[in-house]
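Every read-out reported here was derived from the displayed coordinates using simple, explicitly stated rules and does not represent laboratory data. This is a predicted model, so every value here is computed, not measured. Counting neighbours? That spans all protein chains shown, and the Cβs are built from the backbone with ideal geometry, glycine included.
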Amino acid sequence: MNRADANPAPGASFEIEVRVRYCECDPMNVAHHSVYPVWMEIARTEMLRKAGVAYRELEDRGVFFVVARMSLKYRRPARYDDLLTIRAELLPSAGVKVEHTYEIRRGGELLATAETTLVCVDRAGKVQPVPGWVAMG
């Protein structure tokens, strides 16, 4: 299967909107810090899907991505029922890794920035090169 021309290229970005749910908040209705990485995962998974590859298909073919590094800077709090825009951008990547940057905004207000490095592994957890049919960089 060759989908190289359908996959996101370095610099490609994807935005998705999420509404802060009550269960994601602390007693003061502030979004808990642990949900930001979940929102980032939603954005990068949907970016991949938009490019023509579902993450489930990767797993069916023995291709898994694990988070090897994550950096997250919180600038302002998100609150219950806020409508947020999560923007993921693919950075130039090669070999066994895929890197992204993120911005989380409420309207024009920047709430958080982040970076992740994902490493490609097989079913046994052994590092493997990102397959050419899913290469994102």
_Exactly one condition in (1) hydrophobic (A, V, I, L, M, F, W, C); (2) out of contact with any helix residue (DSSP H, G or I) (no Cβ under 7 Å at 6 or more places or on another chain); (3) under 23 Å from ARG19 (Cα atoms) is false for VAL96; which is it?_
(3)
*Meets criteria (in contact with a Ser or Thr (Cβ under 7 Å, 6 or more places away or on another chain), of a type outside the set (Lys, Arg), surrounded by 14 or more Cβ atoms within 10 Å (Cβ to Cβ) and touching a residue at least 40 places away in the same chain (Cβ under 8 Å)) for MET47*: no
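Determine whether ILE42 is of a type in the set (Val, Ile, Thr), more than 19 Å from CYS120 (Cβ to Cβ) and surrounded by fewer than 16 Cβ atoms within 10 Å (Cβ to Cβ).
Numbers: of a type in the set (Val, Ile, Thr): yes; more than 19 Å from CYS120 (Cβ to Cβ): yes; surrounded by fewer than 16 Cβ atoms within 10 Å (Cβ to Cβ): yes.
Answer is yes for this residue.
Given the structure, is VAL53 part of a loop (DSSP other than H, G, I, E, B), of a type in the set (Val, Ile, Thr) and under 30 Å from VAL130 (Cβ atoms)?
Working: part of a loop (DSSP other than H, G, I, E, B): yes; of a type in the set (Val, Ile, Thr): yes; under 30 Å from VAL130 (Cβ atoms): yes.
Judged against the criteria, VAL53 is a match.
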*Going by the conditions given, is THR101 touching a strand residue (DSSP E or B) at 6+ places or on another chain (Cβ under 7 Å) and within 11 Å of PHE65 (Cβ to Cβ)?*
no
